[in-house]
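The values are calculated or read from the model by the stated rules, or taken from the named source; none is laboratory data. These numbers were taken from a predicted model, which means no experiment stands behind them. Glycine gets a Cβ as well: all are built from the backbone with ideal geometry, and neighbour counts include every protein chain shown. In case anyone asks, the SASA skips ligands and DNA or RNA and just uses the protein heavy atoms, side chains included. Shrake-Rupley method; radii C 1.70, N 1.55, O 1.52, S 1.80 Å.
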Amino acid sequence: MEPFILLQGVKHFYKERLALDIPELQIEKGSITGLAGPNGSGKSTLLRILALAEQCTSGTLLVEGTPVWAYAGKASRRITMLPQEPYLLRRTVYDNIAYGLRLRNKGGDLKAAVGEGLALVGLDPSFAARRWHELSGGEAQRVALAARLVLRPSCLLLDEPTASVDVKSGLLIQQAILHAREQWGTTLVIASHNRSWLHDICDHLIFLYNGRRLECCLDNFLPGPWSPAETGLWQASLSDGQALYAGKPSRPDSNGVLPPSSLRLMNGTLREGERLLRCTVIAIYIDKYLHAPSLQVNCGGQPLVVSSPLDEDELDACRPGREVNLCYRPENVIWLD
Amino acid sequence: MDFILQGVAQAIVLLASGDWETYSAVFATVQVSGLSMGASLLIGIPLGYLLGYLDFPGKKPLRTVVDTLLSLPTVFIGLVVYAFLSYRGPFGELSLLFTLTGIAIGQTILALPVVISLTATAVESLDRHLRLTLVSLGASPRQIFLTSLWEARLGLLIAAVTATGRVLTEVGISMMVGGNIKWQTRTITTAIALETNKGQFATGIALGLVLLALAFAINVSLSFLRRRG
Amino acid sequence: MKNFTAHWKRIGTILFFPLFLAGNSQAADKELMMATTTSTDDTGLLEYLAPMVTKATGITVKWVGTGTGKALKMGEDCNADVLLVHAPAAEKKFVEAGFGINRREVMYNDFVVIGPNADPAAIKGKDLCTALKTITDKKAAFVSRGDDSGTHKMELSLWKDCALQAPDKESWYLQAGQGMMPTITMAAERGGYTLADRGTYIKYEADNQGKPPLAIILEGDKHLLNQYSVIEVNPQKCPNAKNDLARQYGDWMVGKEGQAAIGGFKLLGKQLFTPNAAAAK
C-alpha cells in the first residue's frame, strides 16, 4: 500500500543542535502510529514536521507521493494537529470550533457541525456559548480536539493529547480519536508517554531517542551512571546490591537498552559469557507483536521486559511474585548515543 | 483667582452658545488627528506585527531604535516636516505647508513609533502556542496575521489610544507645520497657545475643557472595552 | 547676538522675578516692571536704553515683551508698573477704564507692506487703500498676524480706514496667530503679502543675506506710522504698582535725554524709531 506520508532523509536543526534525523519513515493510510520516547527525544518536532507546521532543515516530505512544503498547499488543509498545549482563541467555544471550517470556506451548516464536534468529545451543546476562559483544562483540551475533528482531517496528529487532563476527559479524548478513525478512516499519529495505551491501540510504535529512530524499542531502558568493572566490562549498580554489566559506553552517563529478546530465563546452567540477574516477576502478559507470553520483572528497582519464548513448565515457574533468574550477555546492551 | 473663575464661566458660555471660532478649532483637531491616526495605524500595525512576529538578525537594535523614537520631540518633527514641505524643500511643489494634511504628516511621524512599538509588544506577548495552533488548523500567513491581530486586539487598542493621546495634545507640529491659521489650521492646542498670548483666558480654558473631555471620552471607552475584552 | 542676549535676559527676568520680590527688597525698591510689545524687545531698543535709564534715575527696568493685547492685560491684572505699547485706540480705552494714567506719546516707527519680489497683485507704487482693494479683488494671498498684537490691530485699522470689510474667512486671507517673523516666513512660503514693522523686516532681510524672497512693496504712507506711548499703571487700581518709578521712567523717556537716545538707536545700521514726544524738555 502506498504510504500516506513518506519522510525521506529528514534532518532538522535548532540553531546548531540536531533535533531530528530520520532517514526514512512511512505512515500508512488509515493506520495508527505511536511515537514513544523520553522528553526531548524529538517527538514534538517530528509531529510539527508531519503537520506541515515546520519546514525541516533538509530532506523531503511526500504526501500521497507528492512532495510538499510546510505552511502551504492543499495538503496542509487535510492534515491537522492537536498541539501539546493547544491555544484557544479569545472567543466563544463556538467560534473556536468553527474557526478551521471558516478558514476553509466550508458552506453548509456551521451550527450543526459545531454541535456534532461538541458531541464527539462528550460536551453538552450549551458549551458553544461559553467563552474561552470559562473552561477547565480538560474541557479546553476537548474543545481544541473538537475543532480538529470537525475538519474531518485525512490525518490527525496528536501531541500528548491526554497528558494534562483529568481521567474522564482523557477517556473521552481517547474514544473520540478512535471514533474518527472508524468513521472517516483518519490516519492517526500519536505521541504519548502513556505506553500501555499506545501499546493497546497502535499498529506501529516508533521509538525516538535524541532525535533518532531506534531499531528496537525503548523497553529495558538502562540509565547510567556506569563505572569500570573487571575484564573490560562496565557496570551500573542496582538498589539491591546487584549490578548490570555492559560493554564500554561512550560516556559514563550514557543510556543503554537491553532488548527484551536478549533476556532468557535460566534453566540449568549459565552459558559462557552470560551474566545473571535475580528478579521478581511483576506480571505475565501476551505481547501484541510477538503473540507470545512475555514477562515483566523487577530487578532491584530496574523494570525489565523479557520476550524470549517460554514453555509450559517455565510459565508455571513464573507466576507473579516468584523470584526468577535471568541471563543476558553484556555485549547485547545497545548504547543510545 | 477671580479671572480664572471668570475664565471658566466664560468658557462654558462659549461652548454652550456654540461659538463658531471655538468649534472650528475643535473640528480641525478632530479632522487632523483622525487623518494622522488612520495613517499611522494603517502603516504602523503591519510594521509592528512584523517587528513583533518575525525573528531576524538586527531585530533587537531595530526595536531599540523604535523605542528611542518614542520620545521624538514634536518640535524636531515639526522642524523636519517644515523643511521638507517648505517651498525650498524637496516636497515644496505639493504645497502642503500650512495645511491640515501637512500637520497630519507630522503627527503620523509622531504616532508611528508609538503604534509600531506597542503593536510589536502586543504581538510578542501573544501566547507562543497561538501560531502553531493556527498553522495546524490550516491558516494561511494572511489569516495568521489577521487572527493574531484580533487576538492582540486589547494591546492594539492601547497602542491606538496612547498614540491618539500624543497626537491630540501635541502643539509643536501643529504650530510649526500648520501655522495656526484661523479657520484653516488652527487646532485646539495652537489656539490655546495663541489665546494665552492674547490674554484671552476664557477661550483658552474652553478649548482646554474640550481637550480634556476628548481625552476623558477616549479613556472611558478604553476601560469599557478592556472590561468587555 | 544682541537679540539672543535680550531673550535670555527676559527669560531670566520671568524666572527670577518672584525671587527678587521675596528675597531682595532693597534691590526691588528701585526695580520697575514694564510690560511692552515684542517689537521694542526684539529690536534690542530696551536693552540699549536700560543702562542709560539706570545711570540717569537709578531704576533697574525689567520687562516682558509680548503682544500689545497681553501687555495691556498685564497692566489690568497689576502684573506691571508701566507699559510701553503701540495701539492708540486700545490704550485710550485702557486709560478711560481707569487702568492707566498719564499716557504720553514717546516715539513712532513705521510699517511696511511686503510681498514677493514679483509683486503678483501689481500693487507697487499705489497708495495703501488702492493696494488693499486690489489684493481683495484679486484674492492675492495675504498673511495677517491674527494674534491681537499691536501690528495685528494696526492691520485691522488699515482695512477700516480704507473703508474695506476686514477679511475673515476668505481662503486667501491667512490669520497666522503668531509672531512677526513666523508671519513673514509664512507669507514667503505662500507667496503672499503681509504687513510688517520695519524693524523685523530689516532683520529678516539681513537673515536672508540681502536676497529675501519678500521685498518692501509699499512704505511711507501716512497710515503706516505706528505711535508708541508710555502709560503708568493706575496706583489706585493697583496699590502694588510703583507709580513713582513709573513716572520717573516716563519722564526720562519723553525728556531730552531719552528722546535723543531713541533717535540714536540703530538696527543693522538703520534708524528704527523716530522720537516725537509732545514737549521735549
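For the pair segment B:120-144 and segment A:302-337, the centres of their Cα atoms are 50 angstrom apart.
Legend: distances between Cα atoms for C:LYS169/C:LYS222; C:LYS153/C:LYS222; B:LYS198/C:LYS153; A:LYS15/A:LYS43; C:LYS92/C:LYS153; C:LYS30/C:LYS55; pairs beyond 20 Å are C:LYS169/C:LYS222.
Using R₀ = 30 Å, calculate the FRET efficiency as 1/(1 + (r/R₀)^6) where r is the Cβ-Cβ separation of A:SER237 and A:ASP313; round to 0.05. Spell out each step's value before the answer.
Values: r = 33 Å, r/R0 = 1.10.
Working from the Cβ atoms, E equals 0.35.
To the nearest Å, what is the center-to-center distance of segment B:32-104 and segment C:178-200, using C-alpha atoms only? The distance from the Cα centre of segment B:32-104 to that of segment C:178-200 comes to 29 Å. For chain A, the 222 nm mean residue ellipticity estimated from helices alone, with every DSSP H stretch of n ≥ 4 adding -39500 (n - 2.57) and the total spread over all residues, rounds to -6500 deg cm²/dmol.
Compared with the dominant principal axis of the Cα atoms in chain A, helix A:110-120 is inclined by about 20°. Using a Gaussian network model of chain A in which every pair of alpha carbons under 10 angstrom is joined by a spring, one finds that among A:GLY34, A:GLY211, A:GLY59 the greatest mean-square fluctuation is at A:GLY59. When the surface is traced with a 1.4 Å probe over the full set of protein chains, A:LEU158 keeps roughly 0 Å² accessible. Taking 0.36 nm per residue of separation and subtracting the current Cα-Cα distance, fully stretching the chain between B:TYR87 and B:ILE218 would add 43.4 nm. To the nearest 0.05, how large is the calculated FRET efficiency for A:ALA283 and A:ASP253 if R₀ is 35 Å and r is the Cβ-Cβ distance? Efficiency, from the Cβ-Cβ distance: 0.70. Based on protein heavy atoms only, chain A ends up with 46 Å² per residue of surface accessible to a 1.4 Å probe. Ordering B:ALA160, A:LEU89, B:PRO141 by the projection of their Cα atoms onto the charge dipole of the protein assembly as shown, which places +1 on the Cβ of Lys and Arg and -1 on the Cβ of Asp and Glu, puts B:ALA160 at the extreme positive end.
Once the gyration tensor of the Cα atoms in segment A:265-330 is diagonalised, the equivalent ellipsoid follows with semi-axes of 18, 14, 12 Å, ordered largest first.
Dipole of segment A:221-335 computed with +1 at Lys/Arg Cβ and -1 at Asp/Glu Cβ about the Cα centre; of A:GLY273, A:SER250, A:PRO320, farthest Cα towards the positive end is A:SER250.
Does segment C:110-224 come out rounded, prolate or oblate by the C-alpha gyration tensor, with a ≥ b ≥ c the root eigenvalues, rounded set by a/c under 1.5 and, if not, prolate when a/b is larger than b/c and oblate if not? It comes out rounded by the Cα gyration axes. Using θ = phi - 60° in the Karplus curve 6.51 cos²θ - 1.76 cosθ + 1.60, the 3J(HN,Hα) couplings for segment B:56-71 round to 8, x, x, 5, 5, x, 4, 5, 4, 4, 4, 5, 5, 5, 4, 9 Hz; x is entered for Gly and Pro. Shape summary: chain B maps onto an equivalent ellipsoid whose semi-axes, from the alpha-carbon gyration tensor, are 37, 22, 14 Å in decreasing order.
Quick one: which of A:190-202, C:184-196 comes out on top by average Cβ neighbours within 10 Å, and what's the full order, highest first?
Working: A:190-202: 17.0, C:184-196: 23.4.
Averaged packing, sorted descending, gives the order C:184-196, A:190-202.
Note on C:LYS133: aspartates and glutamates with a C-alpha under 19 Å away, same-chain residues under 8 apart excluded, are C:ASP119, C:GLU155, C:ASP161, C:ASP168, C:GLU170, C:GLU219, C:ASP221.
Can you sort C:VAL53, C:VAL95 by solvent-accessible area, 1.4 Å probe, largest first? Provide the component values of the computation, followed by the final result.
Values: C:VAL53 0, C:VAL95 45 Å².
Ranked list, largest accessible area first: C:VAL95, C:VAL53.
The charge dipole of the protein assembly as shown, taken about its Cα centre with unit charges on the Cβ atoms of Lys, Arg (+1), Asp and Glu (-1) only, comes to about 1900 debye. Over chain C, accessible surface divided per residue gives 43 Å², non-protein components excluded, 1.4 Å probe. For segment A:260-328, chymotrypsin sites (Phe, Trp or Tyr not before Pro) meeting the loop criterion (DSSP other than H, G, I, E, B) and having at most 14 other Cβ atoms within 10 Å: A:TYR289. With the charge dipole of chain C set up from +1 on Lys and Arg Cβ and -1 on Asp and Glu Cβ about the Cα centre, the Cα lying farthest toward the positive end among the listed residues C:ILE114, C:ALA89, C:ALA241 is that of C:ILE114.
What is the mean number of Cβ atoms from other protein chains located within 10 Å of the Cβ atom of each residue in peptide A:83-90, rounded to a whole number? All intermediate terms of the calculation are to be shown ahead of the outcome.
Details: counts 5, 2, 5, 6, 11, 4, 7, 8.
Whole-number average of other-chain Cβ neighbours for A:83-90 is 6.
In this rough spin-label picture, where each label sits 7 Å from Cα along the Cβ direction, the A:SER58-B:LEU69 distance is 4.0 nm. With Cα atoms defining each centre, segment B:1-29 and segment A:31-84 are spaced 67 Å apart in the structure.
How many Cβ atoms of partner chains, on average, are near each residue of C:60-67 if near means within 10 Å of its Cβ? Kindly include the intermediate steps, with their values, before the conclusion.
Numbers: counts 0, 0, 0, 0, 0, 0, 3, 4.
So the per-residue partner count for this stretch is 1.
The long axis of helix C:128-138 is offset from the longest Cα principal axis of chain C by roughly 50 degrees.
The base-10 log of I(q)/I(0) for chain C, evaluated at q = 0.13, 0.14 Å⁻¹, reads -0.87, -1.00 [Debye formula, identical scatterers on Cα atoms, solvent excluded]. Calculated FRET efficiency, A:MET266 to A:HIS179, Cβ-Cβ distance, R0 = 45 Å: about 0.45 to the nearest 0.05.
At 0.890 mPa s and 25 °C, plugging the Kirkwood radius over alpha-carbon pairs of the protein assembly as shown into Stokes-Einstein gives what diffusion coefficient in µm²/s?
Working: Rh = 35.1 Å.
Taking Rh from Cα pairs, D becomes 70 µm²/s.
Need one value for C:169-175: mean number of C-beta atoms belonging to other chains within 10 Å of its residues' C-beta atoms.
Details: counts 5, 1, 2, 0, 4, 8, 8.
Whole-number average of other-chain Cβ neighbours for C:169-175 is 4.
Per-peptide packing, taken as the mean over residues of other Cβ atoms within 10 Å, places B:119-131, A:229-241, C:147-159, B:169-181 in the sequence B:169-181, C:147-159, B:119-131, A:229-241 from highest down. Cross-link pairs exceeding 28 Å in C-alpha to C-alpha distance, out of C:LYS70/C:LYS242; A:LYS29/A:LYS106; C:LYS160/C:LYS266; C:LYS73/C:LYS124, comprise C:LYS160/C:LYS266; C:LYS73/C:LYS124. Computed over segment A:221-335, the convex hull of the alpha-carbon atoms projects to a mean area of 7.1 nm². Computed over protein heavy atoms with a 1.4 Å probe, the carbon and sulfur contribution to the accessible area of the protein assembly as shown reaches 58%.
Convex hull of alpha carbon positions in chain A: directionally averaged projected area 20.4 nm².
Could you run the numbers on buried accessible area between B and A, total for both chains, 1.4 angstrom probe, in Å² to the nearest 100?
Values: alone 12740 and 16400 Å², together 27250 Å².
Counting protein atoms only, the buried area is about 1900 Å².
When only Cα pairs below 8 angstrom with a gap of at least 6 residues are kept, chain A shows a relative contact order of 16 percent.
Computed about its Cα centre, the charge dipole of segment A:204-327 is approximately 480 debye, with only Lys, Arg, Asp and Glu carrying charge at their Cβ.
For segment B:56-128, the equivalent ellipsoid built from the Cα gyration tensor has semi-axes of 31, 12, 10 Å, listed from largest to smallest. Taking 7 Å steps out from each Cα toward its Cβ at B:HIS129 and A:VAL167 produces label points 2.4 nm apart.
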